[in-house]
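Student: Dropping the structure in here first, questions after.
The values are calculated or read from the model by the stated rules, or taken from the named source; none is laboratory data. The structure displayed is predicted, hence computed values, not measured ones. Note that we place each Cβ from the backbone using ideal geometry, even for glycine, and neighbour counts take in every protein chain shown. Side chains are part of the model used for accessible areas, which takes the heavy atoms of the whole protein and leaves out ligands, DNA and RNA. Shrake-Rupley method; radii C 1.70, N 1.55, O 1.52, S 1.80 Å.
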Amino acid sequence: MNPRKWSLTSLAAVMGGALVLAACAPAAPPAPTGLLADILARGTLVVSTDPAYPPQSELVEGPTRAANTQCASDQHTATEFTGFDIDVAVEIAKRLGVEACFVTPDWTLIIGGSWADRWDISVGSMTITPERMEVLYFTQPYYTTPAAFFVHQDNTTFSQPSDLSGKKVGVCAGCTYEYFLDKTLSIPGETINFIVEDASINGYDTDTSALQDLALGDGVRLDAVLTALPTGQGVIADGLPLKQLGDPVFFEYLAAAVDKSHSKDATSFVRRVTEIMQQMHADGTLLRLSQQYYGEDLTSAAAQFDVGALGQLS
Amino acid sequence: MSVETLRRPGLPGADPDLRMGLELLATQRRAQLIQTAKIGVVWGALVAFLTTVLLQLRIEPSYIGEHYGFVLEGVLTTIGVSLVSIMFATLLALFGALGRLSRNSMAQGISGFYVSIIRGTPLLIQIYIIYLGLPQIGQQVRALGFPELGRWLTLDALQSGILALSLNYGAYMTEIFRAGIQSISHGQRESAEALGMSRWQMMRRIILPQAIRVIIPDIGNQFIAMQKDSALVSVMGIWEITYRANRFARKDSKFMEMFLLAAGLYWILTIVSSWIQSRLERRMAQAYER
Amino acid sequence: MSGEPIIQVESLHKWFGLLHVLRGISLTVEPQEVVVIIGPSGSGKSTLLRCLNFLEEPSAGTITLDEITVSAGPRTHTDRQQIMALRLRTGMVFQEFNLFPHMTALENVIEGLVTVKKMPQEQAIPMGEKFLDKVGLLDKRDVHPIRLSGGQKQRVAIARALAMEPKIMLFDEPTSALDPELIGEVLAVMKQLALEGMTMLIVTHEMGFAKEVADRIIFIDQGQIVEQSPPEELLANPKEERTQRFLSQVLH
């Protein structure tokens with residue numbers, strides 16, 4: 001479509017290659033290779049984010065593109081967004097010694113893999129699932145979404161989740177919560193204890209409508225709802241007469257992801273980001289961000305997650 | 001005999017009944033003006049009615065006033081994508097139509113297949129396939145030992161969007177071009193052939209210059225439609241009107257406000273485009289009378 | 001002059017679907033001869049004319065025109081080149097004028113010179129002006145066809161055909177679409193051409209013109225040549241009964 005642009009691109013690639021060689025020459029420790037070497041040579045980490053999900057990623061108003069940025073013209077700078085994912089991505093880039101640049105493809109284009117080298121990494125609170133593991137590498141998760149049961153404030157008969165066996169439970173249809181109730185849920189790296197037996201499952205289009213139905217009264221339409229802990233806490237804060245029942249029953253681990261089909265070898269990059277994630281857990285950076293955006297610690301379970309158990313880099 | 005004298009009846013010493021003609025003309029003009037004014041009043045009433053209805057929605061109109069700037073920035077992207085795409089689509093449609101009208105079975109087959117497959121599939125799917133699928137083919141091509149060609153097949157979001165819109169509209173416009181070319185009278189072809197012109201010379205010198213006048217208004221219509229269809233490229237994260245409105249809406253859960261704003265911007269765009277189109281049509285109508 | 005005929009048509013047939021429009025026409029025309037073709041509508045006279053420069057593909061038969069011979073049948077590349085060459089030797093004037101509306105009178109006249117003969121503009125323009133002058137319309141050189149009367153349009157069309165310097169002029173009912181008062185100016189131009197020795201084939205209903213200008217009149221009916229002879233003979237003493245009936249209708 002635009003031959004001149006392409007020839008410029010190839011020229012840039014050649015020059016980039018020369019830079020890699022120059023950067024490699026004096027380095028004594030194992031020289032970075034593959035995708036990681038590209039990123040370091042380029043000086044930018046291209047991150048995909050869909051700014052449709054506050055407080056993880058949302059837009060900032062006004063013409064806020066950073067000055068002196070190295071990001072390409074069709075990429076956006078960190079200053080154009082705000083959110084938990086964005087801060088994590090910027091921190092990862094900082095620890096790699098490069099600048100974070102953002103592209104904004106639709107979520108459906110991110111989770112399917114085959115990114116065609118258009119961006120390096122997704123920092124988008126992506127749940128680790130077996131299906132996604134077929135096309136993506138996951139790093140150490142940076143936080144979790146705990147799943148918990150909520151019941152009506154007036155209820156006195158339930159004291160723990162296992163009391164809900166055989167009861168009417170509302171969930172969003174097709175979500176992990178439904179699979180927990182029908183006992184088909186499988187989360188890589190996690191053993192799930194299906195403590196609720198034979199619940200009568202009521203599917204809703206969104207979690208919020210289930211919660212609103214539960215708020216109509218104890219046992220009126222539902223006995224309980226299984227949903228994300230922050231979601232339930234959110235509606236309680238908004239005034240719905242509900243309460244949490246017991247501890248979370250399972251965790252969804254949310255991690256950064258890298259395309260398996262990248263034309264360069266991505267494994268050393270994934271390892272490096274996992275190291276950085278672990279540092280960020282260890283030095284409290286993630287905890288601080290979690291408290292800033294969610295008002296609580298959603299990171300501890302993620303810190304303990306054994307990413308090696310996924311067996312994806314072997 | 002000369003048209004100029006017919007056109008300027010005000011010359012001194014002309015028709016003694018000139019007064020009658022002038023009065024008639026003035027009456028006609030006045031009637032036209034009144035008609036236009038009446039239509040304007042109807043429009044005004046409808047706009048007022050629509051505004052009243054929309055104000056019944058659960059919206060905060062002031063929110064639009066405070067935050068329209070972010071979405072407004074997308075207008076240039078929408079216009080840019082549509083303009084570039086309509087130009088490529090016009091080229092594609094020209095070749096498509098020539099192919100369909102050609103005696104060459106290869107050209108006929110290719111253009112027929114192109115039109116059929118593009119018109120038979122949704123634009124959104126085409127966008128996905130071009131954005132996600134082409135690079136995969138590119139990888140195979142690269143593996144076969146054609147690295148440059150492989151890279152060509154990996155288009156960025158903007159290029160993918162323009163390609164998808166161009167291909168899609170090119171197919172629909174192929175039919176428009178074909179009809180336009182066929183609308184030129186058979187006599188024109190015959191006199192060109194009788195002069196000894198080849199088919200290509202006839203197309204280039206005689207048929208296309210006349211057909212283009214028939215086609216231009218339709219290109220305008222397609223351009224108006226395309227401005228709205230370009231909203232689909234937002235799935236690849238191009239920050240045009242729809243993307244900006246939709247993503248900004250999520251921020252404060254102001255969906256209706258932002259959607260109304262986007263709708264309003266598209267509407268204004270199409271009104272402006274229609275106006276330009278009608279002026280262009282008027283100029284085209286005069287072209288043979290230079 | 002070699003005495004060779006400039007046009008030779010042998011057993012020409014034309015089918016439109018199952019309609020047999022030309023039923024074995026054979027015909028010769030001498031150089032500088034003016035031949036007028038008459039016949040009832042639907043008799044095939046226009047089709048015959050249009051077959052001569054292959055605007056219509058003949059279904060069967062052979063046409064030789066100024067020593068170029070093309071037969072009916074599937075077309076090879078060479079055939080198509082032959083047809084192109086043959087068209088350059090003929091000029092055609094249509095009932096509906098068919099001027100190019102997007103071009104001025106002069107542009108119409110020089111279009112063939114510039115596009116087909118690849119003549120440079122500065123050479124073509126004086127030539128175009130010469131032929132516009134010949135039909136008496138030099139003052140209309142920059143006018144578009146929409147501003148011309150029917151008679152003027154047809155004269156520009158004649159100039160356009162003449163500019164290609166053809167050996168044969170084909171006229172397909174050149175005055176049939178004209179208002180009666182405009183017919184004269186066109187016929188005058190044609191008469192002048194005939195006097196200059198142009199070989200002409202004319203399909204027309206203008207019997208007065210035929211009588212005055214034609215060397216020979218051919219009467220065609222139902223796709224066949226019924227009778228042909230010099231005008232004074234054919235118009236005064238038609239031999240065939242069909243000719244008599246036709247003439248009685250057009251001449252009263």
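Student: Considering region B:174-199 alone, what residues qualify as being within 11 Å of chain C (Cβ to nearest Cβ) and hydroxyl-bearing (Ser, Thr, Tyr)?
Tutor: B:185, B:191, B:198
Student: Same structure, new question: Of all residues in region A:113-125, count the ones that are within 29 Å of residue A:230 (Cβ to Cβ) and within 9 Å of chain B (Cβ to nearest Cβ).
Tutor: 1
Student: Could you say whether any residue in region C:6-13 is open to solvent by 50 Å² or more (accessible area, probe 1.4 Å), over 27 Å from residue C:249 (Cβ atoms) and touching an Asp or Glu at 6+ places or on another chain (Cβ under 8 Å)?
Tutor: Among the residues of region C:6-13, not one is open to solvent by 50 Å² or more (accessible area, probe 1.4 Å), over 27 Å from residue C:249 (Cβ atoms) and touching an Asp or Glu at 6+ places or on another chain (Cβ under 8 Å), which makes the answer no.
Student: If you scan region C:37-56, which residues turn out to be under 24 Å from residue C:195 (Cα atoms), more than 14 Å from chain B (Cβ to nearest Cβ) and touching a Leu at 6+ places or on another chain (Cβ under 8 Å)?
Tutor: Residue satisfying the conditions is C:37 alone.
Student: Then there is this: Select from region B:238-256 the residues that are facing another protein chain (nearest Cβ under 9 Å) and at pLDDT 90 or above and list them in ascending order.
Tutor: Once the filter is applied, which keeps residues that are facing another protein chain (nearest Cβ under 9 Å) and at pLDDT 90 or above, region B:238-256 yields B:238, B:239, B:243, B:244.
Student: One residue is enough: does region C:80-101 have a residue meeting the conditions away from every other protein chain (no Cβ under 13 Å) and either surrounded by fewer than 19 Cβ atoms within 10 Å (Cβ to Cβ) or at pLDDT 95 or above (or both)?
Tutor: no
Student: Please enumerate the residues belonging to region B:167-193 that are closer than 11 Å to residue C:98 by Cβ and buried (at least 23 other Cβ atoms within 10 Å of the Cβ).
Tutor: Once the filter is applied, which keeps residues that are closer than 11 Å to residue C:98 by Cβ and buried (at least 23 other Cβ atoms within 10 Å of the Cβ), region B:167-193 yields B:191, B:192.
Student: Right, next: Which of the residues spanning region C:200-229 are open to solvent by 50 Å² or more (accessible area, probe 1.4 Å) and either at pLDDT 95 or above or outside any helix (DSSP H, G or I) (or both)?
Tutor: C:205, C:206, C:215, C:222, C:224, C:228
Student: How do the strands (runs of 3 or more DSSP E) wholly within region A:168-273 filter down when requiring 3 or more residues that are open to solvent by less than 30 Å² (accessible area, probe 1.4 Å) and in contact (Cβ under 8 Å) with a residue 24 or more places away in the chain: which remain?
Tutor: In region A:168-273, A:168-172, A:224-228, A:242-259 are the strands (runs of 3 or more DSSP E) which contain 3 or more residues that are open to solvent by less than 30 Å² (accessible area, probe 1.4 Å) and in contact (Cβ under 8 Å) with a residue 24 or more places away in the chain.
Student: So which residues in region A:85-132 are open to solvent by less than 10 Å² (accessible area, probe 1.4 Å), acidic (Asp, Glu) and more than 28 Å from residue B:232 (Cβ to Cβ)?
Tutor: Once the filter is applied, which keeps residues that are open to solvent by less than 10 Å² (accessible area, probe 1.4 Å), acidic (Asp, Glu) and more than 28 Å from residue B:232 (Cβ to Cβ), region A:85-132 yields nothing.
Student: Oh, and also: Determine, yes or no, whether residue A:135 is touching a residue at least 24 places away in the same chain (Cβ under 8 Å) and open to solvent by less than 30 Å² (accessible area, probe 1.4 Å).
Tutor: no
Student: Given the condition in contact with a Gly (Cβ under 6 Å, 6 or more places away or on another chain), open to solvent by 10 Å² or more (accessible area, probe 1.4 Å) and aliphatic (A, V, I, L, M), answer yes or no: does some residue in region C:183-198 qualify?
Tutor: no
Student: Output the residues belonging to region C:108-151 that are open to solvent by 10 Å² or more (accessible area, probe 1.4 Å), charged (D, E, K, R) and either in contact (Cβ under 8 Å) with a residue 12 or more places away in the chain or farther than 15 Å from residue C:161 by Cα (or both).
Tutor: Across region C:108-151, the qualifying residues are C:117, C:118, C:122, C:129, C:134, C:139, C:140, C:141, C:142, C:147.
Student: To continue, here is another question. List the number of the failed condition for residue A:240; all other conditions in (1) over 19 Å from the mean Cα position of the chain (by Cα); (2) more than 23 Å from residue A:176 (Cβ to Cβ) hold.
Tutor: Of the numbered conditions (1) over 19 Å from the mean Cα position of the chain (by Cα); (2) more than 23 Å from residue A:176 (Cβ to Cβ), the odd one out for residue A:240 is (2).
Student: Given the criteria within 18 Å of residue C:52 (Cβ to Cβ) and either within 12 Å of chain B (Cβ to nearest Cβ) or not in a strand (DSSP E or B) (or both), does residue C:157 qualify?
Tutor: Yes, satisfied.
Student: Right, another one. Across region B:79-122, what is the total count of residues that are of a type outside the set (A, V, I, L, M), open to solvent by 50 Å² or more (accessible area, probe 1.4 Å) and under 24 Å from residue B:204 (Cα atoms)?
Tutor: 7
Student: Taking region C:52-79 on its own, how many of its residues are of a type in the set (Val, Ile, Thr) and either surrounded by 14 or more Cβ atoms within 10 Å (Cβ to Cβ) or under 19 Å from residue C:164 (Cα atoms) (or both)?
Tutor: 5
Student: Looking at B:231, B:225 in this structure, which one is of a type in the set (Gly, Ala, Ser), within 14 Å of chain A (Cβ to nearest Cβ) and either within 26 Å of residue A:58 (Cβ to Cβ) or open to solvent by 30 Å² or more (accessible area, probe 1.4 Å) (or both)?
Tutor: Step by step, each of B:231, B:225 is checked, and only B:231 is of a type in the set (Gly, Ala, Ser), within 14 Å of chain A (Cβ to nearest Cβ) and either within 26 Å of residue A:58 (Cβ to Cβ) or open to solvent by 30 Å² or more (accessible area, probe 1.4 Å) (or both).
Student: Going by what's in this entry, would residue B:167 be described as facing another protein chain (nearest Cβ under 8 Å) and modelled with pLDDT of 95 or more?
Tutor: No: the conditions fail for residue B:167.
Student: Looking at region B:118-128, can you tell me whether even one residue there is in contact with an Asp or Glu (Cβ under 9 Å, 6 or more places away or on another chain), closer than 30 Å to residue B:267 by Cβ and within 14 Å of chain A (Cβ to nearest Cβ)?
Tutor: The answer is no, given that none of the residues of region B:118-128 is in contact with an Asp or Glu (Cβ under 9 Å, 6 or more places away or on another chain), closer than 30 Å to residue B:267 by Cβ and within 14 Å of chain A (Cβ to nearest Cβ).
Student: If we scan region C:177-189, do we find a residue that is without any contact (Cβ under 8 Å) to a residue 24 or more places away in the chain and assigned to a loop (DSSP other than H, G, I, E, B)?
Tutor: Within region C:177-189, not a single residue is without any contact (Cβ under 8 Å) to a residue 24 or more places away in the chain and assigned to a loop (DSSP other than H, G, I, E, B).
Student: Give region C:36-60 a look and list any residue that's within 27 Å of residue C:205 (Cα to Cα) and outside any loop (DSSP other than H, G, I, E, B), or say none.
Tutor: C:36, C:37, C:38, C:45, C:46, C:47, C:48, C:49, C:50, C:51, C:52
Student: Collect the residues in region C:129-154 that are of a type in the set (A, V, I, L, M, F, W, C) and either within 12 Å of chain B (Cβ to nearest Cβ) or in contact with a Cys (Cβ under 9 Å, 6 or more places away or on another chain) (or both), keeping them in residue-number order.
Tutor: C:143, C:146, C:148
Student: Right, next: Which residues, taken from region A:98-112, are under 15 Å from residue A:73 (Cα atoms), within 12 Å of chain B (Cβ to nearest Cβ) and in contact with a Gly (Cβ under 7 Å, 6 or more places away or on another chain)?
Tutor: Of everything in region A:98-112, those that are under 15 Å from residue A:73 (Cα atoms), within 12 Å of chain B (Cβ to nearest Cβ) and in contact with a Gly (Cβ under 7 Å, 6 or more places away or on another chain) turn out to be A:103, A:104.
Student: Please enumerate the residues belonging to region B:200-215 that are more than 10 Å from chain C (Cβ to nearest Cβ) and open to solvent by 40 Å² or more (accessible area, probe 1.4 Å).
Tutor: Correct list: B:200, B:214.
Student: Another one. Tell me the residue from B:139, B:108 that is farther than 30 Å from residue B:74 by Cα and within 12 Å of chain A (Cβ to nearest Cβ), please.
Tutor: Answer to the selection: B:139.
Student: Which one is most open to solvent (accessible area, probe 1.4 Å) among residues in region A:37-77 that are touching a Ser or Thr at 6+ places or on another chain (Cβ under 6 Å) and among the small types (Gly, Ala, Ser)?
Tutor: Taking the candidates together, the pick is A:66.
Student: The conditions are (1) open to solvent by less than 60 Å² (accessible area, probe 1.4 Å); (2) at pLDDT below 95, and residue C:49 fails exactly one of them. Which is it?
Tutor: (2)
Student: Which of the residues belonging to region B:39-86 are within 26 Å of the chain's Cα centre (by Cα) and of a type in the set (D, E, K, R)?
Tutor: B:73
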